[in-house]
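Just below is one structure, and these are the notes that go with it.
The values are calculated or read from the model by the stated rules, or taken from the named source; none is laboratory data. From a predicted model like this one, the values you see are computed outputs, not experimental measurements. Cβ sites come from the backbone with ideal geometry, for glycine too, and all protein chains shown count toward neighbours. What goes into the accessible areas is simple: the full protein's heavy atoms, side chains included, and nothing from ligands, DNA or RNA. Shrake-Rupley method; radii C 1.70, N 1.55, O 1.52, S 1.80 Å.
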Amino acid sequence: MITGAGSGLGKAATQALLARGDRVWATDRDQDSLAPLSDLGARTCAMDVTSDTDTEACVSQILAEEPHLDAVIANAGFGIQGPFELTTDEEARRQFEVNVFGLARTIRAVLPHMRERRKGRIIATSSIAGHISTPMMSWYCASKHAVEGLMNSLRMEVRQFGIDVIKINPGIINTPFLETAFPTLDKTRARSNSGAYHADIDAFKTAFGTRMREGASPDTIARVMIKAVHDRRPKIYYMPNSDARQSLIGKRLLNERLFDRIIRHMFGPK
(Lines give C-alpha, C1' and ligand atoms only; values in the text may rest on other atoms or scores of the structure.)
Protein backbone atom coordinates (compact mmCIF):
# COMPACT_ATOMS: atom_id res chain seq x y z
CA MET A 1 0.00 0.00 0.00
CA ILE A 2 1.38 3.39 -1.01
CA THR A 3 -0.08 6.74 0.01
CA GLY A 4 0.40 9.82 -2.14
CA ALA A 5 0.82 7.56 -5.17
CA GLY A 6 -0.68 9.95 -7.71
CA SER A 7 2.54 11.86 -8.41
CA GLY A 8 6.22 12.22 -7.58
CA LEU A 9 7.93 9.59 -5.45
CA GLY A 10 4.75 7.65 -4.75
CA LYS A 11 3.97 7.29 -8.43
CA ALA A 12 7.54 6.26 -9.26
CA ALA A 13 7.56 3.68 -6.45
CA THR A 14 4.22 2.24 -7.57
CA GLN A 15 5.44 1.88 -11.15
CA ALA A 16 8.70 0.25 -10.02
CA LEU A 17 6.98 -2.24 -7.73
CA LEU A 18 4.43 -3.14 -10.39
CA ALA A 19 7.23 -3.68 -12.91
CA ARG A 20 8.81 -6.08 -10.42
CA GLY A 21 5.59 -8.07 -10.29
CA ASP A 22 4.33 -6.95 -6.89
CA ARG A 23 0.67 -6.47 -6.11
CA VAL A 24 0.27 -2.81 -5.21
CA TRP A 25 -2.55 -0.71 -3.80
CA ALA A 26 -2.03 2.89 -4.85
CA THR A 27 -3.86 5.55 -2.84
CA ASP A 28 -4.20 9.29 -3.26
CA ARG A 29 -6.78 11.92 -2.42
CA ASP A 30 -7.02 12.68 -6.16
CA GLN A 31 -8.69 9.60 -7.64
CA ASP A 32 -8.12 10.81 -11.21
CA SER A 33 -4.35 10.83 -10.70
CA LEU A 34 -4.46 7.08 -10.03
CA ALA A 35 -5.98 6.14 -13.39
CA PRO A 36 -2.62 5.63 -15.18
CA LEU A 37 -1.48 3.36 -12.34
CA SER A 38 -4.69 1.37 -12.56
CA ASP A 39 -3.95 0.87 -16.27
CA LEU A 40 -0.59 -0.63 -15.25
CA GLY A 41 -2.24 -3.10 -12.90
CA ALA A 42 -2.37 -1.31 -9.55
CA ARG A 43 -5.43 -1.57 -7.38
CA THR A 44 -6.49 1.94 -6.38
CA CYS A 45 -8.36 3.61 -3.57
CA ALA A 46 -9.22 7.28 -3.08
CA MET A 47 -7.80 8.28 0.29
CA ASP A 48 -7.09 11.60 1.97
CA VAL A 49 -4.65 10.89 4.78
CA THR A 50 -6.13 13.74 6.81
CA SER A 51 -9.47 11.90 6.98
CA ASP A 52 -10.11 9.14 9.52
CA THR A 53 -13.04 7.93 7.44
CA ASP A 54 -11.06 7.71 4.20
CA THR A 55 -8.10 6.01 5.82
CA GLU A 56 -10.10 3.41 7.72
CA ALA A 57 -12.30 2.66 4.71
CA CYS A 58 -9.34 2.21 2.37
CA VAL A 59 -7.39 -0.05 4.71
CA SER A 60 -10.55 -2.09 5.42
CA GLN A 61 -11.08 -2.52 1.67
CA ILE A 62 -7.52 -3.72 1.16
CA LEU A 63 -7.71 -6.20 4.03
CA ALA A 64 -11.07 -7.46 2.79
CA GLU A 65 -9.71 -8.16 -0.70
CA GLU A 66 -6.19 -9.35 0.13
CA PRO A 67 -4.97 -12.24 2.29
CA HIS A 68 -2.50 -9.92 4.01
CA LEU A 69 -0.73 -6.59 3.79
CA ASP A 70 3.05 -6.97 3.75
CA ALA A 71 4.15 -3.35 3.61
CA VAL A 72 2.84 0.19 3.73
CA ILE A 73 4.79 3.10 2.26
CA ALA A 74 3.53 6.21 4.06
CA ASN A 75 4.57 8.66 1.40
CA ALA A 76 1.84 11.32 1.19
CA GLY A 77 3.17 14.78 1.98
CA PHE A 78 3.85 18.28 0.72
CA GLY A 79 5.97 21.29 1.62
CA ILE A 80 5.28 24.89 2.49
CA GLN A 81 7.93 27.57 2.17
CA GLY A 82 8.40 31.05 3.50
CA PRO A 83 9.86 32.85 6.52
CA PHE A 84 8.70 31.56 9.89
CA GLU A 85 7.50 35.03 10.89
CA LEU A 86 5.17 35.25 7.88
CA THR A 87 3.71 31.73 8.10
CA THR A 88 0.33 31.52 9.81
CA ASP A 89 -0.65 28.96 12.43
CA GLU A 90 -3.27 27.63 10.05
CA GLU A 91 -0.66 27.00 7.35
CA ALA A 92 1.69 25.34 9.83
CA ARG A 93 -1.08 23.10 11.17
CA ARG A 94 -1.94 21.98 7.65
CA GLN A 95 1.72 21.07 7.10
CA PHE A 96 1.71 18.88 10.20
CA GLU A 97 -1.76 17.47 9.53
CA VAL A 98 -0.59 15.93 6.26
CA ASN A 99 3.10 15.17 6.87
CA VAL A 100 2.90 13.99 10.47
CA PHE A 101 -0.65 13.18 11.53
CA GLY A 102 -1.59 11.84 8.09
CA LEU A 103 1.39 9.52 8.21
CA ALA A 104 0.52 8.48 11.76
CA ARG A 105 -3.13 7.91 10.82
CA THR A 106 -2.10 5.60 7.99
CA ILE A 107 0.27 3.60 10.16
CA ARG A 108 -2.21 3.29 13.02
CA ALA A 109 -4.77 1.84 10.61
CA VAL A 110 -2.48 -0.99 9.43
CA LEU A 111 -0.71 -1.77 12.71
CA PRO A 112 -3.32 -4.12 14.24
CA HIS A 113 -3.21 -6.37 11.15
CA MET A 114 0.60 -6.46 11.09
CA ARG A 115 0.84 -6.95 14.85
CA GLU A 116 -1.60 -9.87 14.86
CA ARG A 117 0.19 -11.41 11.89
CA ARG A 118 3.54 -10.68 13.57
CA LYS A 119 4.97 -9.53 10.29
CA GLY A 120 5.08 -6.37 8.20
CA ARG A 121 7.05 -3.36 7.09
CA ILE A 122 6.23 0.28 7.75
CA ILE A 123 8.17 2.54 5.40
CA ALA A 124 8.02 6.31 5.87
CA THR A 125 9.10 8.83 3.27
CA SER A 126 11.02 11.28 5.42
CA SER A 127 13.70 13.64 4.07
CA ILE A 128 17.19 14.92 4.65
CA ALA A 129 15.20 17.89 5.98
CA GLY A 130 14.50 15.69 9.00
CA HIS A 131 18.21 16.07 9.86
CA ILE A 132 19.25 19.35 8.25
CA SER A 133 17.17 22.52 8.23
CA THR A 134 17.26 25.30 5.65
CA PRO A 135 15.98 28.87 5.75
CA MET A 136 12.52 29.48 4.28
CA MET A 137 11.42 25.91 5.10
CA SER A 138 11.05 26.01 8.88
CA TRP A 139 7.69 24.26 9.12
CA TYR A 140 8.47 21.65 6.47
CA CYS A 141 11.74 20.84 8.23
CA ALA A 142 9.93 20.73 11.57
CA SER A 143 7.43 18.23 10.16
CA LYS A 144 10.20 15.97 8.88
CA HIS A 145 12.09 16.20 12.19
CA ALA A 146 8.84 15.06 13.80
CA VAL A 147 8.60 12.12 11.38
CA GLU A 148 12.15 11.10 12.30
CA GLY A 149 11.36 11.11 16.03
CA LEU A 150 8.06 9.32 15.55
CA MET A 151 9.57 6.54 13.45
CA ASN A 152 12.52 6.08 15.78
CA SER A 153 10.23 5.50 18.76
CA LEU A 154 7.81 3.34 16.79
CA ARG A 155 10.65 1.12 15.57
CA MET A 156 11.49 0.16 19.17
CA GLU A 157 7.85 -0.37 20.13
CA VAL A 158 6.86 -2.75 17.35
CA ARG A 159 10.05 -4.75 16.77
CA GLN A 160 8.74 -7.31 19.28
CA PHE A 161 5.86 -8.01 16.87
CA GLY A 162 8.11 -8.74 13.90
CA ILE A 163 7.41 -5.37 12.28
CA ASP A 164 10.23 -3.42 10.62
CA VAL A 165 10.10 0.38 10.63
CA ILE A 166 12.15 1.96 7.86
CA LYS A 167 12.81 5.55 6.83
CA ILE A 168 13.59 6.84 3.34
CA ASN A 169 15.65 10.04 3.53
CA PRO A 170 15.95 11.58 0.05
CA GLY A 171 17.83 14.76 -0.67
CA ILE A 172 16.74 17.05 -3.48
CA ILE A 173 14.56 15.26 -6.03
CA ASN A 174 13.21 16.56 -9.31
CA THR A 175 9.49 16.14 -8.52
CA PRO A 176 6.37 18.37 -8.68
CA PHE A 177 7.19 19.51 -5.11
CA LEU A 178 7.62 23.10 -6.32
CA GLU A 179 4.10 23.16 -7.72
CA THR A 180 2.78 23.37 -4.16
CA ALA A 181 5.82 24.84 -2.40
CA PHE A 182 6.52 27.96 -4.49
CA PRO A 183 2.95 29.29 -4.31
CA THR A 184 3.26 29.28 -0.51
CA LEU A 185 6.56 31.15 -0.79
CA ASP A 186 4.97 33.73 -3.10
CA LYS A 187 2.03 34.05 -0.72
CA THR A 188 4.26 35.01 2.19
CA ARG A 189 6.19 37.48 0.03
CA ALA A 190 2.94 39.23 -0.89
CA ARG A 191 2.04 39.90 2.73
CA SER A 192 2.18 43.53 3.82
CA ASN A 193 4.86 42.98 6.47
CA SER A 194 7.22 40.93 4.30
CA GLY A 195 9.61 43.67 3.13
CA ALA A 196 12.47 42.72 5.46
CA TYR A 197 12.55 39.25 3.90
CA HIS A 198 12.25 40.07 0.19
CA ALA A 199 15.95 39.60 -0.59
CA ASP A 200 16.03 36.28 1.28
CA ILE A 201 12.86 35.00 -0.37
CA ASP A 202 14.03 35.92 -3.87
CA ALA A 203 17.47 34.37 -3.38
CA PHE A 204 16.01 31.20 -1.92
CA LYS A 205 13.52 30.82 -4.75
CA THR A 206 16.26 31.06 -7.37
CA ALA A 207 18.68 28.73 -5.57
CA PHE A 208 16.15 26.13 -4.51
CA GLY A 209 14.46 26.09 -7.91
CA THR A 210 17.79 25.46 -9.62
CA ARG A 211 18.67 22.64 -7.24
CA MET A 212 15.25 21.03 -7.65
CA ARG A 213 15.50 21.05 -11.43
CA GLU A 214 18.97 19.49 -11.18
CA GLY A 215 17.87 17.00 -8.52
CA ALA A 216 17.86 13.23 -8.70
CA SER A 217 15.17 11.41 -10.64
CA PRO A 218 12.23 9.98 -8.66
CA ASP A 219 13.26 6.61 -10.14
CA THR A 220 16.41 6.80 -7.99
CA ILE A 221 14.28 6.87 -4.87
CA ALA A 222 11.87 4.25 -6.22
CA ARG A 223 14.73 1.76 -6.52
CA VAL A 224 15.54 2.31 -2.87
CA MET A 225 11.89 1.86 -1.91
CA ILE A 226 12.01 -1.54 -3.62
CA LYS A 227 14.97 -2.44 -1.42
CA ALA A 228 13.10 -1.25 1.68
CA VAL A 229 10.19 -3.53 0.76
CA HIS A 230 12.21 -6.57 -0.30
CA ASP A 231 15.62 -6.62 1.42
CA ARG A 232 15.83 -9.67 3.64
CA ARG A 233 17.27 -7.55 6.43
CA PRO A 234 16.24 -3.97 5.67
CA LYS A 235 18.20 -1.00 6.92
CA ILE A 236 16.77 1.36 9.51
CA TYR A 237 17.02 4.13 6.94
CA TYR A 238 18.00 4.54 3.31
CA MET A 239 19.60 7.75 2.07
CA PRO A 240 19.46 7.37 -1.70
CA ASN A 241 21.16 10.39 -3.25
CA SER A 242 24.63 11.78 -2.78
CA ASP A 243 23.67 15.34 -1.84
CA ALA A 244 21.80 14.04 1.22
CA ARG A 245 24.70 11.84 2.31
CA GLN A 246 27.26 14.61 1.81
CA SER A 247 25.14 17.13 3.71
CA LEU A 248 24.73 14.79 6.67
CA ILE A 249 28.48 14.09 6.78
CA GLY A 250 29.15 17.83 6.68
CA LYS A 251 26.75 18.46 9.54
CA ARG A 252 28.44 15.79 11.65
CA LEU A 253 31.96 17.07 10.96
CA LEU A 254 31.42 20.84 11.24
CA ASN A 255 30.29 22.93 14.16
CA GLU A 256 26.72 24.21 13.96
CA ARG A 257 27.56 27.87 13.32
CA LEU A 258 29.87 27.06 10.43
CA PHE A 259 27.35 24.66 8.95
CA ASP A 260 24.64 27.33 9.25
CA ARG A 261 26.82 29.75 7.29
CA ILE A 262 27.31 27.20 4.53
CA ILE A 263 23.57 26.52 4.23
CA ARG A 264 22.83 30.25 4.37
CA HIS A 265 25.32 30.84 1.57
CA MET A 266 23.72 28.10 -0.54
CA PHE A 267 20.20 29.47 -0.25
CA GLY A 268 20.54 33.10 0.84
CA PRO A 269 21.48 36.39 -0.83
CA LYS A 270 25.02 36.52 -2.19
Review point. Among Ile128, Ile62, what's the order by accessible area (1.4 angstrom probe), most exposed first?
Key: Ile128, Ile62
Point to revise | Interchain or long-range residues, amide H under 5 Å from Gly120's placed H | key: Asp164
Review point. Cross-link partners among lysines for Lys119, C-alpha distance below 22 Å, same-chain residues fewer than 8 apart left out?
Key: Lys167, Lys227, Lys235
Point to revise | Full-extension gain in nm, Arg159 to Lys235, via 0.36 nm per residue minus C-alpha separation | key: 26.0 nm
Review point. What spacing in nm lies between the two simple spin-label points modelled at Phe84 and Arg245, each 7 Å away from Cα in the Cβ direction?
Key: 3.2
Practice item. Before rounding to the nearest 500, sum -39500 (n - 2.57) across all DSSP H runs of length at least 4 in the chain and divide by the residue total; then give [θ] at 222 nm in deg cm²/dmol. Key: -16500 deg cm²/dmol
Point to revise | Trp139, Trp25, ranked by accessible area, largest first (probe 1.4 Å) | key: Trp139, Trp25
**Study point:** Accessible surface, 1.4 Å probe, highest first, among residues Tyr197, Tyr237
**Key:** Tyr237, Tyr197
Point to revise | Pair Thr53, Leu254: separation of 7 Å Cα→Cβ label points (nm) | key: 5.0
**Study point:** Percentage relative contact order, the stretch 97-160, counting C-alpha pairs under 8 Å, at least six apart
**Key:** 35
Review point. Residue by residue through the stretch 85-97, which ³J(HN,Hα) values in whole Hz follow from phi under the Karplus form 6.51 cos²θ - 1.76 cosθ + 1.60 (θ = phi - 60°), with glycine and proline marked x?
Key: 4, 9, 8, 7, 4, 4, 5, 5, 5, 4, 4, 6, 4
Point to revise | Within the stretch 192-215, backbone nitrogen closer than 17 Å to the virtual label 7 Å beyond the Cα of Asp30 toward Cβ | key: none
Check your understanding: Taking N as the number of residues in the stretch 57-147, what is its Cα Rg relative to 2.2 N^0.38 Å?
Key -> 1.29
Check your understanding: Can you tell me the accessible area per residue over the stretch 1-102, all protein chains present, probe 1.4 angstrom, in square angstrom?
Key -> 44
**Study point:** Calculated from backbone phi, Karplus (6.51, -1.76, 1.60) coupling profile of the stretch 241-247 in Hz, x at Gly/Pro
**Key:** 10, 5, 5, 5, 5, 5, 5
Review point. Taking amide hydrogens as modeled 1.01 Å from N in the peptide plane, which residues meet the under 5 Å criterion relative to Tyr238, leaving out close sequence neighbours?
Key: Lys167, Ile168, Asn169
Review point. In Å, what Rg and Dmax follow from the Cα atoms of the chain?
Key: 18.7, 58
Study note, to complete from the structure: Along the stretch 207-220, Karplus-curve 3J(HN,Hα) (6.51, -1.76, 1.60; θ = phi - 60°) to the nearest Hz, with x for Gly and Pro, reads 5, 5, x, 4, 5, 5, 5, 9, x, 5, 6, x, 4, 4
Study note, to complete from the structure: Surrounding charge for Ile73, neighbours by C-beta under 13 angstrom, Lys/Arg +1, Asp/Glu -1, total 0
**Study point:** Carbon and sulfur %, accessible surface of the chain computed with the full protein complex present, 1.4 Å
**Key:** 51
Review point. How much of Ser38 can a 1.4 Å solvent probe reach, expressed as accessible area in Å² and rounded to 10?
Key: 60
Practice item. Could you state the accessible area per residue of the stretch 122-202 in Å², with a 1.4 Å probe and every protein chain left in place? Key: 40
Check your understanding: Roughly how many Å² is the accessible area per residue of the stretch 216-270, as a whole number, for a 1.4 Å probe?
Key -> 68
